[in-house]
Amino acid sequence: MLKSFNVAPLGQNYTEFLESSNEKSLATFLQERLEKYKTCILQLSQQPETLDLLPGDSSSQTRVGIDALVDGLIATYDDSRAVMTNENWGALPAFWERFEKTVAQLKLLRINKDDFETIKALTRGQYGKAWIERFAHNDRSLRPTVSIVRSRLDGGIYAMKTLNKMYILSQKDKILYMEERQVLAITSEWFPTLHAAFQDEVNLYLVMEYAPGGDLYSILDKKQDELNKARGPDHSEAEEHSDDGNSSDDEDTTLSEDEIRFYIAEIVLAVSELHKNHYIHRDLKPQNILLDATGHIMLADFGACARLDADGEVHGQTVPLGTWDYMSPEVVDAQSGGKPYGKEVDWWAVGVVTYELLVGEPPFFAESAMGIIRLLRDHEVGIFVF
C-alpha cells in the first residue's frame, strides 16, 4: 500500500490571500498560518493518530495526521519563499533558516512522480473523455491527463491523474479538484481507492486504483463492433437506405437485458453511495463508469462533483458542468438564473444512461449545444416521439 498524503496545492493559499488582502498584510496572513500549524502540532501530541481541525463543525469531515502537517510545513515554507523578498518580515526569515534543512530532507523522503513509471496514457474511451470534451478549445498541453503507472515502491499498477496547478486555478469554476480529492478519499467499493495525493511545483497528482476492465462506453463500443461484423456490410447498407430506420429489438440491442439490469442496479447503488456522502457527480455517463477486474462498476472522474448543502442543494452554479448529452434540464436552467439543484441531476443522467444501454444512443442528441438545450426544454413532449 502506498503512503497517502493530504496535500494543499502549492500557491493556493497565496491565491486566497490575493483575493482577500485588503484587510491584512501578506506577512500577517502567513504568520497566522504558521500559528495554525503550531496549534495542530500541540493538539497532535495529545491525539497522535488524527485530529479534527474544526471541532464542533459537523459540516467538516477534514482530519489531519502527521502527513498533513508535513505537507503544511513544506507548503508554508515554499509559499512564503516564493512570494517574499529579502526585507525583514517578522519571524519568517528565522523560520526559513530554521527549517531549510528539514524541508529539504522531507522532500527527499516524500513520494513524488519519480516513484512511478508511466506505462501508457489512457485513451479517451477508458478514462478522462470528460476532460477532453470539456477543455477541447483550451491548451491541450495543460489539460488534466490520466496514465497507467507502475509504482517503483511496491510494483503495483495504478491510474495517475495529473492536474496542472495554474490551469486548474484559471478554470476554478470548472475543475473542482478539492471535491474530487475528497470523494476519492471516501472508502467505498463504488469509488476508486485513492492511494496517494502529492504535488510538485507544477502539478497535482492523484494516484488511484486502476480499473482494468475499461469503462462502460468501451463495452458498448466493442459490442456494437461485434454486432456490425456479425450483420455484415449488406445489413449496414440496407439500414442506411431504410425508410423508417427501425429494426427489431433483437437486432439493435448490444447488451442483453440481464447485463443492462446488472449495470443499472450497480450504477444506482454507486450514485446512492455518493449522495449519502453529500456529493453529486454532475458528469455521469458511460465513459465515467469504470469496470474492475471482476466486472463490477466504479464511478470515476469526480472533477465536476459538488458538495450538497444542508438542504441537499447546490447554489450559484451558472457555469454548465458535465456533458451535454447527459445534462439535466435543471443544470441548463441554472445557467440563466443560478437556480439551485440537487440529486435529481444525477438521477436524470442515470435515466439517460439506461436509455442509451437499451437503445444504443442517448435520447437527446444534436450537432450543437443549443440543439441539445432545445431538446431538453421540450423533453416532456419530445422524448417518446418515434
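The values are calculated or read from the model by the stated rules, or taken from the named source; none is laboratory data. Keep in mind the model is a prediction, meaning the values are calculated, not measured. Using ideal geometry, Cβ is built from the backbone for each residue, glycine included, and neighbour counts are taken over all protein chains shown.
What single numbered condition from (1) part of a helix (DSSP H, G or I); (2) under 20 Å from the mean Cα position of the chain (by Cα) fails to hold for residue 284?
Answer for residue 284: the failing condition is (1).
Kindly check whether there is at least one residue in region 218-232 that is modelled with pLDDT of 90 or more and among the aliphatic types (A, V, I, L, M).
No, that holds for no residue.
If I filter region 170-184 down to residues being buried (at least 18 other Cβ atoms within 10 Å of the Cβ) and assigned to a loop (DSSP other than H, G, I, E, B), which single residue comes out as modelled with the lowest pLDDT?
175
Pairs needed: first member in region 302-314, in contact (Cβ under 8 Å) with a residue 12 or more places away in the chain; second member anywhere, part of a loop (DSSP other than H, G, I, E, B) and polar (S, T, N, Q); C-beta distance under 8 Å; at least 6 residues apart or different chains.
306/317; 310/59
Give the residues of region 342-364 that are farther than 15 Å from residue 223 by Cβ and at pLDDT below 90, sorted by residue number.
Listed by number, the residues that qualify are 362, 363, 364.
Looking for something under 22 Å from residue 281 (Cβ atoms) and loosely packed, with under 15 Cβ neighbours inside 10 Å - is there at least one such residue anywhere in region 189-208?
Yes, region 189-208 has at least one match.
Does residue 316 meet the test of being in contact with an Asp or Glu (Cβ under 8 Å, 6 or more places away or on another chain) and either within 20 Å of residue 180 (Cβ to Cβ) or surrounded by 15 or more Cβ atoms within 10 Å (Cβ to Cβ) (or both)?
no
Do we have residue 118 as modelled with pLDDT of 75 or more and either part of a helix (DSSP H, G or I) or closer than 29 Å to residue 154 by Cβ (or both) here?
Here the answer is yes, as residue 118 does meet what is asked.
Name the pairs: first residue in region 349-366 and assigned by TED's automatic domain parsing to the domain that holds residue 221 and more than 18 Å from residue 330 (Cβ to Cβ), second residue crowded, with 21+ Cβ neighbours inside 10 Å and at pLDDT 90 or above, Cβ to Cβ under 7 Å, at least 6 apart or on different chains?
Every condition considered, the pairs that remain are 356/286; 357/263.
Scan region 127-140 and tell me whether some residue there is touching a strand residue (DSSP E or B) at 6+ places or on another chain (Cβ under 7 Å), at pLDDT 80 or above and not polar (S, T, N, Q).
Within region 127-140 (the criterion being touching a strand residue (DSSP E or B) at 6+ places or on another chain (Cβ under 7 Å), at pLDDT 80 or above and not polar (S, T, N, Q)), the answer is no, since none of the residues qualifies.
Which of the following residues is hydroxyl-bearing (Ser, Thr, Tyr) and either at pLDDT below 85 or assigned by TED's automatic domain parsing to the domain that holds residue 272 (or both): 167, 158, 205?
Sole residue among the options that is hydroxyl-bearing (Ser, Thr, Tyr) and either at pLDDT below 85 or assigned by TED's automatic domain parsing to the domain that holds residue 272 (or both): 167.
So which residues in region 349-364 are touching a Phe, Trp or Tyr at 6+ places or on another chain (Cβ under 8 Å) and in a helix (DSSP H, G or I)?
Passing the criteria: 349, 352, 353, 357.
Just the residues that are assigned to a strand (DSSP E or B) and either not hydrophobic (A, V, I, L, M, F, W, C) or not assigned by TED's automatic domain parsing to the domain that holds residue 121 (or both), please, taken from region 141-155.
Those that are assigned to a strand (DSSP E or B) and either not hydrophobic (A, V, I, L, M, F, W, C) or not assigned by TED's automatic domain parsing to the domain that holds residue 121 (or both): 145, 147, 150, 151.
Do we have any residue at all in region 256-263 that's outside any helix (DSSP H, G or I), assigned by TED's automatic domain parsing to the domain that holds residue 308 and modelled with pLDDT of 55 or more? It would help to see each step written out before you state the result.
At the first step, the residues of region 256-263 found to be outside any helix (DSSP H, G or I) are 256.
From what is left, the residues that are assigned by TED's automatic domain parsing to the domain that holds residue 308 are 256.
Restricting the remaining residues to those that are modelled with pLDDT of 55 or more gives 256.
Looking for residues that are outside any helix (DSSP H, G or I), assigned by TED's automatic domain parsing to the domain that holds residue 308 and modelled with pLDDT of 55 or more, one finds at least one in region 256-263, hence yes.
Could you list all residues from region 298-313 that are touching a helix residue (DSSP H, G or I) at 6+ places or on another chain (Cβ under 7 Å) and surrounded by fewer than 20 Cβ atoms within 10 Å (Cβ to Cβ)?
307, the sole residue that qualifies.
Could you tell me which of the residues 270, 304, 334 is within 17 Å of the chain's Cα centre (by Cα) and outside any loop (DSSP other than H, G, I, E, B)?
270
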